[in-house]
1. Along the charge dipole of segment 1-109, Cβ charges K/R +1 and D/E -1, which of Leu59, Met22, Asn39 sits furthest on the positive end?
2. Go from 0 up to the bin containing the longest alpha carbon distance in segment 111-233, width 5 Å each, and give me the % of pairs per bin.
3. If I model a spin label at Arg238 and Gln60 as a point 7 Å from the Cα along the Cα→Cβ vector, what separation in nanometres do I get?
4. When the label point is put 7 Å from the Cα of Gln197 along its Cα-to-beta-carbon vector, which residues of segment 114-147 have a backbone N closer than 14 Å?
5. Determine the principal axes of the Cα atoms in segment 1-57, then give the extent along each, sorted from largest to smallest and rounded to whole angstroms.
6. Order these by the 10 Å Cβ neighbour count, fewest first: Met57, Met223, Met22.
7. Once you have all Cα-Cα distances for segment 11-116, histogram them in 5 Å bins from zero and send the whole-percent values.
8. Using all Cα-Cα distances in the chain, what percent lands in each 5 angstrom bin from 0 up to the longest?
Amino acid sequence: MSVEACAELVRRGDPDRFLAVMAAPPRVREQLFPLYAFNLEVARAPWVTAEPLIAEMRLQWWRDVVENAQSGAARAHEVAGPLHDLIRDFGLPIEVLDALIAARRWDITRDPHDGIAGLSDYLDATGAGLMWLAGRALGAPDGAEYALRAYGWAAAAAAYLQAVPELEARGRQPLPPGTTARDLARLALDRLATARQARRLVPKDIAPALLAGWQAESLLRQMVATGRCDVRLSEFQRRWRLLRQALTGRW
């Protein structure tokens, strides 16, 4: 049950977030790696089995892990243990963690989201919630929640749109009827603008929590321009945007 084990999980399963953490100051890695490892474990739980009941049980196990953190009953697990330490030491909100897990039940089903509002709720519970948790782990005040959630929603929308072809190949219906990739990308750019309007409420030392969204704006602009989901940044663009955001703290 170590941060090193969590870092290795993130390196293998979520390489973009791994790069974001490695670009952050070393002092924050002990907070971010367990949180991102938890997110990875929850996100892949619905996909490791074709049996919906087993997938539900996996998600419920994580909900129990989070609930047990309140009583100090830590699980002997390479991610659950460090996560409990993080919840205890930094006061991560249990309800946000639980909502993140519960939202992943959609990934088990083959039903479409309940319109754009349903998809928005999913992105809010997953990506926006995770960004807020990362901020809280670094000491973000309550007043920063709105900006962090808006930024997290935009970053999550960009990643979700990139996953649309794979979701469709797996028989899912990722975009609600009547909603196009361009529509969602435009909404996400609006959320990004909203986040930046409230940037003054986010202390500068919280900036490492936002590094995970370093690709979002460029991807979303490409999606609006092309109407396509299968867009990627060049390796040079990726490295440059991450380096610039890490050095300047500007997002």
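Just so it is clear, none of the values below were taken in a lab; they were calculated from the coordinates. Because the structure is a prediction, the values reported are computed rather than measured. Note that we place each Cβ from the backbone using ideal geometry, even for glycine, and neighbour counts take in every protein chain shown.
1. Met22
2. Percent of Cα pairs in each bin: 2, 13, 22, 23, 18, 12, 7, 3, 0.
3. In this crude label model, Arg238 to Gln60 measures out at 3.8 nm.
4. 146-147
5. Projected onto the principal axes, the Cα atoms of segment 1-57 cover 41, 22, 12 Å.
6. On the way: Met57 12, Met223 25, Met22 17.
Neighbour counts put them in this order, fewest first: Met57, Met22, Met223.
7. Calculated P(r), rounded to whole percents: 2, 12, 21, 21, 20, 14, 7, 3, 0.
8. 1, 7, 13, 18, 21, 18, 13, 7, 2, 0, 0
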